[in-house]
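Undergrad: A single structure is presented below for examination.
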Amino acid sequence: MNKNYRWIYAISGVIILVFAGLIYAWSVLSGPIAADYPEWSKGSLSLTFTLAMSFFCLGGLAAGLLSKKFNERYILTASALLLFSGFEIVSYMHSLGMLYLGFGVCAGLGAGLSYNTVMSSVTKWFPDRKGLISGILLMGFGIGAFIIGKIYAFMLAMYSWRAEYKVLGIIVFAVIFIGAFIVRKPYEDETKKLPGSEPKVIAKKAESISSGQANGAAAGSAEHGTPVAHRGDNDDFTTQEMIKTPSFWLFFFYAVFLSAAALALIAQAGGIVIEIAPSLGAGSIATIVGLISVFNGIGRVVFGGLYDRIGQKKTMSLNCALYLISILINIFAINMGNLMLVVAGFVFFGLAYGGVTPTNSAFIMDFYGVEHYPVNFSMINLNLLVASFGGTLAGTLYDVQGTYLSIFMIMMAAVAMAAVCTLLIRRPVKGLMYERKDAVFQG
């Protein structure tokens, strides 16, 4: 088969995720609502996004479970209907409860269904570039919020926010519904013809064997790296098997620490810019803060490609290093009151945060296989339920300390913990209750 044909599915997946990523534009979408309902506190409105992220994770888990019984078309159609319903409910709402139901529950669930379904199906077309394709897909999910958020803000001058929610609901439904008839995972015969679909080989050093000449010979052969097992479908990890491996939990907390650090900065980014340049206009502030989203999207492609080229350990280590650099730049920016350093810090930070999500996808497929990937992938994404408290912690620290520097100190500690997790991760070998330091995949 023509391997370039698979890019049709990739492009379709990116377009779907651009519109599913609208939930991340909440800071822009919520502005007119806050103006119409000044009696609603910031905390009450912020809970909408917290609910959306929670149901986004649950939607991803539901998509993984549903994929065992239903194909992509049905799940994506359900996603389109939920997102449409969510935006329609918000366009008519006059209470916080309806806002929570529309945007928090319906839109969050719908986005989670699309996210997991697209990631799970499209990545299977690229066994040779699992990191790169994850990054490209996730770039659409990240940058979509920035682009459509800007369009939404521009159109507010001509239309009411309620009318815009109606229009957005219709557009999102149309795009995802059409995409539901395009996006699919490869059939078994197609999978065998894809580049990089050859079974991977496990090479491991044998433990010392003291009994029998034959066993000794076998051990000697294995010591020289002779392949002793091929990885096929039977070697893929079920979700139950995956969560019993130390590598899963080490990576889970790696993702928690880095995502929490990211959400801590994102929650306070606007305040940092205002503190450094109080005379700056609202549009300029939004643009500077938006750099995090733009470079987050770029970072997803960069780190996705790096995972394919340099592997898991080096990619994760580099990601931690980039986080540290961005934190140090921001600390210097605050101490010196230098806006250009803030811009540089946000650019580096966006790139660093962009490295987390494609690594999630590539790591799960790389370590645990493709057979149970939809559910396994949804499990690692649950890290956001824990990491979402990063923004709340950052706000509390600022209220208590009155400075953003304390937030960056906590972020630095989180990155250090993520680096420790990176060093401790070992590739699991199915059938063993422990993970071998010398177990490696070749191919």
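Undergrad: Quick check on my filter: what residues within the stretch 142-167 are at pLDDT 90 or above and within 20 Å of LEU109 (Cα to Cα)?
TA: Within the stretch 142-167, TYR165, LYS166, VAL167 qualify.
Undergrad: For TYR5, state whether it is modelled with pLDDT under 90, under 22 Å from ILE133 (Cβ atoms) and touching a helix residue (DSSP H, G or I) at 6+ places or on another chain (Cβ under 7 Å).
TA: Numbers: modelled with pLDDT under 90: yes; under 22 Å from ILE133 (Cβ atoms): yes; touching a helix residue (DSSP H, G or I) at 6+ places or on another chain (Cβ under 7 Å): no.
Judged against the criteria, TYR5 is not a match.
Undergrad: Next up: Considering every residue within the stretch 38-48, establish whether at least one is aromatic (Phe, Trp, Tyr) and not in a helix (DSSP H, G or I).
TA: Going through the stretch 38-48, the residues aromatic (Phe, Trp, Tyr) turn out to be 40.
Now drop any that are not not in a helix (DSSP H, G or I), which leaves 40.
There is at least one residue in the stretch 38-48 that is aromatic (Phe, Trp, Tyr) and not in a helix (DSSP H, G or I).
Undergrad: Buried (at least 19 other Cβ atoms within 10 Å of the Cβ) and at pLDDT 85 or above - does that describe any residue in the stretch 90-98?
TA: Of the stretch 90-98, the ones buried (at least 19 other Cβ atoms within 10 Å of the Cβ) are 90, 93.
Now drop any that are not at pLDDT 85 or above, which leaves 90, 93.
Yes, because at least one residue in the stretch 90-98 is buried (at least 19 other Cβ atoms within 10 Å of the Cβ) and at pLDDT 85 or above.
Undergrad: On the basis of being of a type outside the set (Val, Ile, Thr), at pLDDT 90 or above and out of contact with any strand residue (DSSP E or B) (no Cβ under 8 Å at 6 or more places or on another chain), does TYR353 make the cut?
TA: On the way: of a type outside the set (Val, Ile, Thr): yes; at pLDDT 90 or above: yes; out of contact with any strand residue (DSSP E or B) (no Cβ under 8 Å at 6 or more places or on another chain): yes.
So TYR353 fits the description; yes.
Undergrad: Which pairs turn up if I take residues in the stretch 66-87 that are modelled with pLDDT under 95 and look for partners that are of a type in the set (Val, Ile, Thr) and not in a helix (DSSP H, G or I) with beta carbon separation below 7 Å, at least 6 apart in sequence or on another chain?
TA: Sorted first by the residue in the stretch 66-87, then by its partner, the pairs are GLU72/VAL183.
Undergrad: Which pairs have Cβ atoms under 6 Å, sit 6 or more apart or on different chains, and link a residue in the stretch 269-298 that is on the phi > 0 side of the Ramachandran plot and not assigned by TED's automatic domain parsing to the domain that holds ALA145 to one that is of a type outside the set (A, V, I, L, M, F, W, C) and assigned to a helix (DSSP H, G or I)?
TA: Between residues of the stretch 269-298 that are on the phi > 0 side of the Ramachandran plot and not assigned by TED's automatic domain parsing to the domain that holds ALA145 and residues that are of a type outside the set (A, V, I, L, M, F, W, C) and assigned to a helix (DSSP H, G or I), there is no close pair.
Undergrad: Related question: Tell me yes or no: at least one residue of the stretch 244-252 is assigned to a helix (DSSP H, G or I), among the β-branched types (Val, Ile, Thr) and out of contact with any strand residue (DSSP E or B) (no Cβ under 9 Å at 6 or more places or on another chain).
TA: No; the residues of the stretch 244-252 include none that is assigned to a helix (DSSP H, G or I), among the β-branched types (Val, Ile, Thr) and out of contact with any strand residue (DSSP E or B) (no Cβ under 9 Å at 6 or more places or on another chain).
Undergrad: Run ALA277 past the list (1) surrounded by fewer than 19 Cβ atoms within 10 Å (Cβ to Cβ); (2) within 18 Å of MET53 (Cα to Cα); (3) hydrophobic (A, V, I, L, M, F, W, C) and report the number of the one that doesn't hold.
TA: Failing condition for ALA277: (2).
Undergrad: Regarding SER41, is this residue touching a helix residue (DSSP H, G or I) at 6+ places or on another chain (Cβ under 9 Å) and among the polar types (S, T, N, Q)?
TA: no
Undergrad: Moving on to the next point. Do we find a residue being in a helix (DSSP H, G or I) and farther than 21 Å from MET365 by Cα anywhere in the stretch 115-138? Talk me through it step by step, then tell me what you get.
TA: Step one: list which residues in the stretch 115-138 are in a helix (DSSP H, G or I), which gives 115-125, 130-138.
Right, trim to farther than 21 Å from MET365 by Cα and you get none.
Taking every residue of the stretch 115-138 in turn, none turns out to be in a helix (DSSP H, G or I) and farther than 21 Å from MET365 by Cα.
Undergrad: Can you tell me which residue is nearest to GLY391 (Cα to Cα) among those in the stretch 262-314 that are among the polar types (S, T, N, Q) and not in a loop (DSSP other than H, G, I, E, B)?
TA: Quick first cut of the stretch 262-314, residues among the polar types (S, T, N, Q) only: 268, 279, 284, 287, 293, 296, 312.
Those still in the list that are not in a loop (DSSP other than H, G, I, E, B) too: 268, 284, 287, 293, 296, 312.
Working: GLN268: 8, SER284: 23, THR287: 20, SER293: 16, ASN296: 17, GLN312: 28 Å.
By that ranking, first place goes to GLN268.
Undergrad: Tell me yes or no: at least one residue of the stretch 154-172 is farther than 19 Å from ALA35 by Cα and not aliphatic (A, V, I, L, M).
TA: yes
Undergrad: Identify all residues within the stretch 324-355 that are in contact with a Leu (Cβ under 7 Å, 6 or more places away or on another chain) and under 21 Å from ILE276 (Cα atoms); write none if there are none.
TA: Scanning the stretch 324-355 gives ILE329, ILE331, PHE332, ALA333, ILE334, VAL343, PHE346, VAL347, PHE348, PHE349, GLY350.
Undergrad: Restricting to the stretch 377-395, give me the number of residues that are closer than 14 Å to SER54 by Cα and among the β-branched types (Val, Ile, Thr).
TA: Number satisfying all stated conditions: 2.
Undergrad: Hey, can you tell me all the residues within the stretch 147-166 that are part of a helix (DSSP H, G or I) and either more than 20 Å from ASN296 (Cα to Cα) or of a type in the set (D, E, K, R) (or both)?
TA: The answer is LYS150, TYR152, ALA153, PHE154, MET155, TRP161, ARG162, ALA163, GLU164, TYR165, LYS166.
Undergrad: Does the stretch 31-48 contain any residue that is modelled with pLDDT under 90, in contact with a Ser or Thr (Cβ under 6 Å, 6 or more places away or on another chain) and surrounded by fewer than 22 Cβ atoms within 10 Å (Cβ to Cβ)?
TA: Checked against the condition, which is being modelled with pLDDT under 90, in contact with a Ser or Thr (Cβ under 6 Å, 6 or more places away or on another chain) and surrounded by fewer than 22 Cβ atoms within 10 Å (Cβ to Cβ), the stretch 31-48 yields at least one hit.
Undergrad: Further, regarding this structure: For VAL172, are the conditions met, namely being assigned to a loop (DSSP other than H, G, I, E, B), of a type in the set (A, V, I, L, M) and in contact with a Gly (Cβ under 9 Å, 6 or more places away or on another chain)?
TA: No: the conditions fail for VAL172.
Undergrad: Another question, if that's okay. So which of MET379, MET411, MET336 is among the aliphatic types (A, V, I, L, M), over 18 Å from ALA260 (Cα atoms), out of contact with any Asp or Glu (no Cβ under 8 Å at 6 or more places or on another chain) and assigned by TED's automatic domain parsing to the domain that holds LEU291?
TA: When all the criteria are applied, what remains is MET336.
Undergrad: Related question: Is it the case that the stretch 388-397 has a residue that's touching an Asp or Glu at 6+ places or on another chain (Cβ under 7 Å), touching a residue at least 24 places away in the same chain (Cβ under 8 Å) and in a helix (DSSP H, G or I)?
TA: no
Undergrad: Of these, LEU339, LEU318, which one is modelled with pLDDT of 90 or more, surrounded by fewer than 21 Cβ atoms within 10 Å (Cβ to Cβ) and closer than 30 Å to PHE237 by Cα? Spell out how you get there, then give the answer.
TA: On the way: LEU339 fails: closer than 30 Å to PHE237 by Cα.
One residue alone meets the criteria, LEU318.
Undergrad: Right, another one. Give me the residue from the stretch 178-202 that is touching a Phe, Trp or Tyr at 6+ places or on another chain (Cβ under 8 Å) and not in a loop (DSSP other than H, G, I, E, B) and, out of that set, modelled with the highest pLDDT.
TA: Checking each candidate, the answer is LYS200.
The values are calculated or read from the model by the stated rules, or taken from the named source; none is laboratory data. Just so we're clear, the structure is a prediction, and the values are computed from it rather than from any experiment. In this analysis, Cβ positions are derived from the backbone assuming ideal geometry, glycine residues included, and neighbour counts consider all displayed protein chains.
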